[in-house]
Structures are given as structure tokens and as C-alpha cells.
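One structure is given here, and the rest of the page talks about it.
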Amino acid sequence: MPVRCKEPGLRGGRADEFRKEEGAVTAELVEVTGFTVLMAAVATLVMLPPGVAVAWLLARREFPGRAVLETFVSLPLVVPPVATGLILLKLFGRRGPLGALLEPLGIDIVFTWKAVVVAMAVMGLPLLVRATRAGFEQADRRYEAIAATLGARPWRVFWTVSLPLARRGLLAGTVLGFSRAIGEFGATIMLAGALPGARTLSVAIYRNAELGRDAAAMTLIAAAVTIGFAAVYLSNRLGTAS
Amino acid sequence: MSGGEASVVIDVRLRAGAFALDLRETIAARTVALFGPSGSGKTTTLDAVAGLRRPDEGVIRIGRHVLFDSRRGIDVPPYERRVGYVPQDLALFPHLDVRRNVLYGARGRAAAGGAGGWSLRERGADDGTPRSPLGAGSEGAHGTHASVLELLEIDTLMSRSVDGLSGGERQRVALARALMTEPDLLLLDEPLAALDLGLRDRILPYLERVRDELGTPMIYVSHVTDEVRRVADWAIVLDAGRAVRSGAPAEMLESTP
């Protein structure tokens, strides 16, 4: 889903030449930033349902394999992202177990924008789960028990009591997961490559730096810092406000 | 289940660490006090009756309604027991205002009967201009609800936040919330413990009204003799997880220091 920016109608001349270059930098900035934010938002939506479910399970239920699940979900935090990306590539590739399942449905993940979403979601999930789980753990279980005595079935207790009481953790986790998705590099480059039109901020910064286009790289870095600042600021505010 | 003559059977064995509860009581009275020192198993008993704690074995029954029977493999989940519970800490939902707290259980019953009912009422409650204490759509079928609110004088509190309530108001809101489910049995855990003496005397009449006008059977946990004498017509004295005595409150309390 590339965001296209109209080239300003420039004519010849040196100044125009310069403006053309500047225009290209601006176009890339808008395209890459828009694409990254959009992909991170989609990835956040994708990771929310499983993330909240796992967080709730870890906070509220005892079951065999709980410790394994707990460790497994946190794994992307400690395994090199490039390794996670390679594992995802093997899973979602045409011959991979998940890729083979999706291919008959006409869904191709690897080296498309969907690969960007998958990489971002997997890498953001641990942070979402951690914060949300803490939110659930801080909520007094007594409220849930009393809600049940008032006739509320488990699903209603979850939506009307557990989730609202855990909302701070959930909000913080969502912002953290989103921020992690914005900054994702290692897994993305393995699974999605660096196709033009499907480049995230990190990938575009890397490419520009590699090609010696420092000005372009610096512009993108400014965008990345701005988004990161806004996200952390928001998450801190959410942490202190009721 | 409004028969009145229905007896409550609490016949349970439950082990939790060093503590063991072993009760074999059949209660015919309308208002029963569980009396005894802390750690004697009063709250554990209430939790078991409400379905929040599973006994190792035994039977819990209200009239013919079997809530738990280990031999027959029956363990009715708390949301189907129709047992109202006012815990000692009240557990008013902090993220909901008084109206939503009070209607939480009433809504659950309505939602169980027909899905559309409560969402309409909720919308009516949201517009901030309550025509009746329950908001739009509460009249008629919910006569009990209206009388609960009247009885406990909740009407004026409905739009308040739970944080801003006084101790006595919180108590009344918690009581109303439990009664709005139209329970077969009401469990009260030290309902007056957190209140100072003056306030106790103001809340006690509310409890008496609930007992006399709604006729809801109650199990009342307390260690205050005055309360038990006023509210209960049967008392069971617990010690270390066992019932050591039971009988008319006056007799029980005389032999208790």
C-alpha cells in the first residue's frame, strides 16, 4: 500500500535540479512514514486479540504448559530479530507449513506488505502481552468473583470487569507493541526484504545509509525519532492518568 | 423459591492448608447468623455457598435447588446459583458509577431472559436525565428493583461515583446490587464491621427492612452480639471450622463471652 506523492512540476536549471532531489527526499519521507505507521497499526490490530488472550491466560489460569507458553511468547525479545525473521521465512515460505496452508487460498505472505505486518506483530507481541498481563494481575480477582455471583457469565465478566480494570496495562501494552512495530528491522528485512514501495522506516534508513544518501537517511531518522517520542510520551501519560 | 419454608443445607468438608472446615447444618430459619472468632471458617462457608470455593466433598442445597453435590458431580457455577453475596470489603466495581453497580446483576438476569432488554435500559440510563431511578424502561416488570432502591434509599445516589460515597452509602449500594438479582439467598459478611457505632444503628434498620419486606433468606456473618440479636432468628457458633453450638440467638449469645 504505497503512499504516492505527486512530483511538483519542475523545469530545468540547477535550482530546479536541487529541488527535484529535495522533492524525492520528501516523497520518500511521506511514503515510508505513512507506510510504516499504517503497517504498525495493522500489526497492532493483528496482535491484540491473541495478545490479550495470552495475557489473560497467564494472569488468571493455571494449566499444563503455562511456563512454556510464558517463555515462548517472550522469546522474540531475546532471540536475534534476524533469527526470528528467518524462522518466520521458513514457516511462511511456499514450502513452509504455514505458507503451504495459505497458498491454496491465494494468500502470499513472504516479500509482500503482509510479511511486514507478520514480522511487526510477532516482534511487538511480547511487549503487549507483558504490559497487559500486568494489568490483569493488578486487578483484584474479588471483583470478578462478585460479578459472577451477580449472574455474569465468564465472557461478560471479562468484558465488563476484567478488561476495564486492566485498561491501563492494556493501553500501555498497545502503545509499546505499536512502538516496537514501528522500529522493527531484523525480522522485517528477512521476511519482507526491502522492496520499493514496501519499505519501513528502519529498512529505508538502512538502505539510504548504505548508499551514502545521508541527507535522506537523516530525514527519515527525524521522522522515526518524532514517532518514537510521541509514542513513549503517550504511553507515559497513559500510565499516570486514570 | 420464595416458599419461605425452604431449608438451607450446608454439609461440606473443605481443606485449605492447615485449616479444615467441617459443617453439617440444616437451617430452617429465615435469617441465620454465623457467629465466631476470626479464622473460624465463616467467610469460607459463605464462599462455598456462593460457589467461589469448591468444597472437597458434601452437599449445598437451598430448598430443592442443589448447588453442590460431590457424589452426584453437581457444582453449579456461581452465575447460576442465584445467591447474592455482599463481601466484607463490598467489592463495589470502582470503574462503574452507582447506577451501573446496582444494575449490574439486574442486567444479567434481564440479559439471560432476552438479549435486547438491558441494552435499551442502559442507553436510557446513559442520557443523564433519569426519569425513574433505573432510567428509561425500568418500570413494570421490575417492581422488585424499584422497591429495593426505595427500601435502601439509593435513588439519590444513582449518578454518583463509587469513590465519593460514605461508608454507610457504600454498604447500601452493595446490598442493593446483591438484591437486584432477586437472590434465593443473601450472604452478608460482617456487613456492619467497617462502620462506626452511630452508622451501624442507621444501617441496621435497612437490613431489618430487607428481611421483613423482601423476605429474602439471609446468612449473616458477624461477631457483634447486638446485631445478631436484632437481625437473626437462628445462630450458629463456629470455632476452628466446626459448628460448636446452634440455636436461638439469645441462648447462643448468653453462653458466648
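For the peptides A:149-161, A:20-32, what is the packing order when you average, over each peptide's residues, the other Cβ atoms within 10 Å and list the highest mean first?
A:149-161, A:20-32
With N set to the number of residues, divide the alpha-carbon radius of gyration of the protein assembly as shown by 2.2 N^0.38 Å and report two decimals. Could you put the intermediate results ahead of the total?
Values: Rg = 30.6 Å, N = 499, 2.2 N^0.38 = 23.3 Å.
My calculation over the Cα atoms of the protein assembly as shown gives 1.31.
Tell me, what is the FRET efficiency for B:Ile74 and B:Ala16 to the nearest 0.05, using R0 = 25 angstrom and their Cβ-Cβ distance as r?
Numbers: r = 21 Å, r/R0 = 0.86.
E(calc), rounded to 0.05, equals 0.70.
I'd like the mean, over residues of B:67-79, of how many other protein chain beta carbons sit within 10 Å of each residue's own Cβ. Provide the component values of the computation, followed by the final result.
Working: counts 0, 0, 0, 0, 0, 0, 0, 0, 0, 0, 3, 9, 10.
The per-residue average across the peptide is 2.
Does segment B:160-227 come out rounded, prolate or oblate, given a ≥ b ≥ c as the square roots of the eigenvalues of its C-alpha gyration tensor, rounded meaning a/c under 1.5 and, failing that, prolate meaning a/b above b/c?
Numbers: a/c = 1.78, a/b = 1.12, b/c = 1.59.
Cα axes put segment B:160-227 in the oblate bin.
Using modelled amide H (1.01 Å from N, peptide plane; none on Pro or chain starts), what sits under 5 Å from the amide H of B:His65, excluding residues fewer than 5 places away?
Distant-sequence amide H within range of B:His65: zero hits.
Which ³J(HN,Hα) values, rounded to whole Hz and listed in residue order, are derived for segment A:84-96 from phi using the Karplus coefficients 6.51, -1.76 and 1.60 in 6.51 cos²θ - 1.76 cosθ + 1.60 with θ = phi - 60°, glycine and proline given as x?
After applying 6.51 cos²θ - 1.76 cosθ + 1.60, I find 4, x, 5, 4, 4, 4, 5, 6, 9, x, 3, 9, x Hz.
Tell me the relative contact order for chain A as a rounded percent, counting alpha carbon contacts under 8 Å between residues six or more apart. List each step's numbers first, then the result.
Working: 303 pairs, mean separation 65.7, N = 242.
Dividing the mean separation by the residue count of chain A yields 27 percent.
Write down, largest first, the equivalent ellipsoid semi-axes of segment B:1-68 in whole Å, where each equals the square root of 5 times an eigenvalue of the alpha-carbon gyration tensor.
21, 14, 9
Students often check this: by mean Cβ neighbours within 10 Å, which of A:66-72, A:223-229 ranks highest, and how do the rest follow? Spell out each step's value before the answer.
Numbers: A:66-72: 11.6, A:223-229: 14.9.
Going by the mean number of other Cβ atoms within 10 Å, highest first, we get A:223-229, A:66-72.
Once the Cβ-Cβ distance between A:Arg94 and A:Tyr233 is put in as r, and R0 is 51 Å, what FRET efficiency do you end up with, to the nearest 0.05?
Computed FRET efficiency for A:Arg94 and A:Tyr233: 0.75.
Which value, in nm² and rounded to one decimal, describes the direction-averaged projected area of the C-alpha convex hull of chain A?
Mean orientational projected area (chain A, Cα hull): 17.1 nm².
Output wanted: per-residue J couplings in Hz (rounded whole) for segment B:57-63, from phi through Karplus 6.51 cos²θ - 1.76 cosθ + 1.60, θ = phi - 60°, x for Gly and Pro.
7, x, 9, 10, 8, 10, x
Using amide H atoms built in the peptide plane, which far-off residues or other-chain residues are under 5 Å from B:Met218 H to H?
So B:Met218 has HN proximity to B:Thr31, B:Val32, B:Leu186.
B:Ser161 versus A:Leu75, label points 7 Å from Cα toward the beta carbon: distance in nm?
For the pair B:Ser161/A:Leu75, the computed spacing is 4.4 nm.
Using a/c under 1.5 as the rounded threshold, could you call segment A:13-103 rounded, prolate or oblate? The axes a ≥ b ≥ c are square roots of the C-alpha gyration tensor eigenvalues, and prolate needs a/b larger than b/c, oblate otherwise.
Prolate.
Using a Förster distance of 30 Å, how high is the FRET efficiency between B:Asp196 and B:Ser38, based on the Cβ-Cβ distance and rounded to 0.05?
After rounding to 0.05, the efficiency reads 0.95.
When only C-alpha pairs under 8 Å and at least 6 residues apart count, what is the relative contact order of segment B:139-232, in percent? Before the final figure, lay out the partial values.
Details: 70 pairs, mean separation 27.4, N = 94.
Normalised by residue count, the contact order of segment B:139-232 is 29 percent.
Which length gain, in nm to one decimal place, applies between A:Glu210 and A:Trp159 when the Cα-Cα distance is subtracted from 0.36 nm times their residue separation?
Full-extension gain reported as 13.5 nm.
Given a cut-off of 16 Å, what percent of all Cα-Cα pairs of segment A:121-205 lie beyond it?
61 percent
Fully extended, how many nm does the chain gain between B:Ala248 and B:Glu213 (0.36 nm per residue separation, minus their Cα-Cα distance)? Show your work: numbers first, answer last.
Values: separation 35, 0.36 × 35 = 12.60 nm, distance 2.19 nm.
Extending this stretch completely gives an extra 10.4 nm.
What net charge do the residues around B:Arg200 carry, taking every other residue with its C-beta under 12 Å from that of B:Arg200, with Lys and Arg at +1 and Asp and Glu at -1?
With Lys, Arg at +1 and Asp, Glu at -1, the neighbours total -3.
Every number in this text was worked out from the coordinates using simple rules, so none of it is lab data. Just so it is clear, the structure is predicted and the values come from calculations on it, not from any experiment. Neighbour counts run over all protein chains shown; Cβ positions are idealised from the backbone, glycine included.
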